[in-house]
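The values are calculated or read from the model by the stated rules, or taken from the named source; none is laboratory data. Keep in mind it's a predicted model, so treat the numbers as computed, not measured. Heads up, the Cβs are rebuilt from the backbone with ideal geometry, glycines too, and the neighbour counts pull from every protein chain shown. We work out accessible area using only protein heavy atoms, side chains counted, and drop any ligands, DNA or RNA first. Shrake-Rupley method; radii C 1.70, N 1.55, O 1.52, S 1.80 Å.
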Amino acid sequence: MTTRSAVNGDTDQVLVEKKGFGRVLVMNRPKQLNALSFEMVSRMLELFLAYERDSEVKFVIVKGKGRAFCAGGDVAAVVRQIHEGKWQHGAVYFASEFTLNYILATYSKPQISFLDGIVMGGGAGVSVHGKFRIATENTLFAMPETALGLFPDIGASFFLSRLPGFFGEYLGLTGARLDGPEMLACGLATHYVPSQKLPLLEEELIKVDSSDAAIISDIISKYSEQPLVKQESAYLRLETIDKCFSRRTVEEIFSALEREGAKKPNDFINTTLQTLKKASPTSLKISLRSIRQGRLEGIGKCLAREYRMVCHVMLGHVSKDFLEGCRAILIDKDRNPKWEPSKLEMVSDQMVEKYFTKVVEDNWEDLKLPARPQIPSYFVSKL
């Protein structure tokens, strides 16, 4: 049985399926690769809170319709609002999204995400914070924000900083893509299940009258495989990544990569350097600091800090790279952004510091997250 709840008379952007002892939420904007609209975020927040109170609901399964799980937040809508002088609307969107991320990270019932397709940015926010993240052969993960003049948000400074070594810094700064086996290897996914087995897995899960994570894990494990990580995977170059991305500053990371590349021809180093050189210098610097701070903070503090940062990004007082990145990548699609400042050395420590300070604007408030039970983060328990 599928219940419907029309949003503004349009096709439901989140489909709700009541199946056995669980609830299945299907993100339903396939033409937009299930990019998270404000309506989707609001509806998912409403549903997750309701299911937590409902004793009949034992767990929640989250899926995406089409070839994407969720390709990220609907930043194109946010950019339109900024151009219209309504940046506060974007602030409301991010506050709702980050609150949803926090609810999922502290959820008292198992969330099972079927990552059978593209998982980027906001898509990671509605999955990685949950208990079970199931990758498949179709999974494509990335945090591509630095190419957009943004930074890895949605609590990414929390989970990226808890990946092995300095792999999180590498992913966050470069926007490098991972497949399903790589997600499993580094801990972003908890299981790997071939796509064709997902319907059978779901069929068995919905019969489970329990919120016991161990019971659910045992069922998922019956369908799981241990896939091989491809030889060219960045994850197999963790020693090099740690040597370079452990450096204190972005400039030192560049220098370390260049020294490694000078030792012998290296496609991985060359590709990494070229990718970093195309990213917004401001984004690289605030992203590195954010992930480093995330190593010392809980999920709530990470989200509250990221909210300050994203509001500064939208205001554009230090840099308007977010608008320029979205123009170049999403709107005009010329893929040739003109960053300002254009060089790393032009982005001062004082400019970076501004993104981490309280926003001084009329009627602006820091993010106020709801009181939640002290449940250990699923992400920490996995690694």
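Quick grid of which residues meet (1) assigned to a helix (DSSP H, G or I); (2) under 22 Å from V57 (Cα atoms); (3) not hydroxyl-bearing (S, T, Y):
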{"position": "D242", "(1), (2), (3)": "yes, no, yes"}
{"position": "E251", "(1), (2), (3)": "yes, no, yes"}
{"position": "A256", "(1), (2), (3)": "yes, no, yes"}
{"position": "P265", "(1), (2), (3)": "no, no, yes"}
{"position": "L273", "(1), (2), (3)": "yes, no, yes"}
{"position": "S283", "(1), (2), (3)": "yes, no, no"}
Restricting to segment 153-173, name every residue that is open to solvent by 20 Å² or more (accessible area, probe 1.4 Å) and either part of a helix (DSSP H, G or I) or touching a Ser or Thr at 6+ places or on another chain (Cβ under 7 Å) (or both).
R162, F166
Boolean, S255 is without any contact (Cβ under 8 Å) to a residue 12 or more places away in the chain, hydroxyl-bearing (S, T, Y) and either at negative phi or crowded, with 23+ Cβ neighbours inside 10 Å (or both)
yes
If L150 satisfies all but one of (1) open to solvent by less than 10 Å² (accessible area, probe 1.4 Å); (2) over 27 Å from L276 (Cα atoms), what's the number of the condition it fails?
(2)
Positions within segment 294-308 being over 23 Å from T240 (Cβ atoms), open to solvent by less than 50 Å² (accessible area, probe 1.4 Å) and either of a type outside the set (A, V, I, L, M) or out of contact with any helix residue (DSSP H, G or I) (no Cβ under 7 Å at 6 or more places or on another chain) (or both), in sequence order:
E297, G298, G300, C302, A304, R305, E306, Y307
Out of S221, S211, S217, report the one residue that is part of a loop (DSSP other than H, G, I, E, B), in contact (Cβ under 8 Å) with a residue 24 or more places away in the chain, under 30 Å from E56 (Cβ atoms) and open to solvent by 20 Å² or more (accessible area, probe 1.4 Å).
S211
D366 surrounded by 14 or more Cβ atoms within 10 Å (Cβ to Cβ) and touching a residue at least 12 places away in the same chain (Cβ under 8 Å)
no
